[in-house]
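Q: I'd like to ask some things about the structure below.
Derivation of every value follows stated rules applied to the coordinates shown; laboratory data play no part. Predicted model, so just to flag it, every value in this text is computed and none were measured. Note: ideal-geometry Cβ built from the backbone for every residue, glycine included; neighbour counts use all protein chains shown.
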């Protein structure tokens, strides 16, 4: 059987997958807004207030 992808195409696909995974990790865990929500949720109990508090500080 013939290989569907050669080595250069595999490297390109791995690179695209790595960039996509890094984008998801940043948006879900490491963005300033998410860090603000995580820290504020330890201090305040109302989740709606936490979101408004972080948005008022300039989050998106």
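Q: Helix 47-56 versus the longest principal axis of the chain: what is the Cα-based angle in degrees, 0 to 90, to the nearest 10?
A: Roughly 80 degrees between the two axes.
Q: Could you tell me which of rounded, prolate or oblate describes the chain, using a ≥ b ≥ c as the square roots of the eigenvalues of the alpha-carbon gyration tensor, with rounded for a/c under 1.5 and, failing that, prolate when a/b is larger than b/c and oblate otherwise? Provide the component values of the computation, followed by the final result.
A: On the way: a/c = 5.68, a/b = 4.21, b/c = 1.35.
Prolate, because a/c is 1.5 or more and a/b exceeds b/c.
Q: When 11, 51 are ordered from fewest to most other Cβ atoms inside 10 Å of their Cβ, what list results?
A: Final ranking by Cβ density, sparse to dense: 11, 51.
Q: Can you show me the helix-derived [θ] at 222 nm for the chain, built from DSSP H runs with n ≥ 4 at -39,500 (n - 2.57) apiece and divided by the number of residues, rounded to the nearest 500.
A: Computed mean residue ellipticity for the chain: -22000 deg cm²/dmol.
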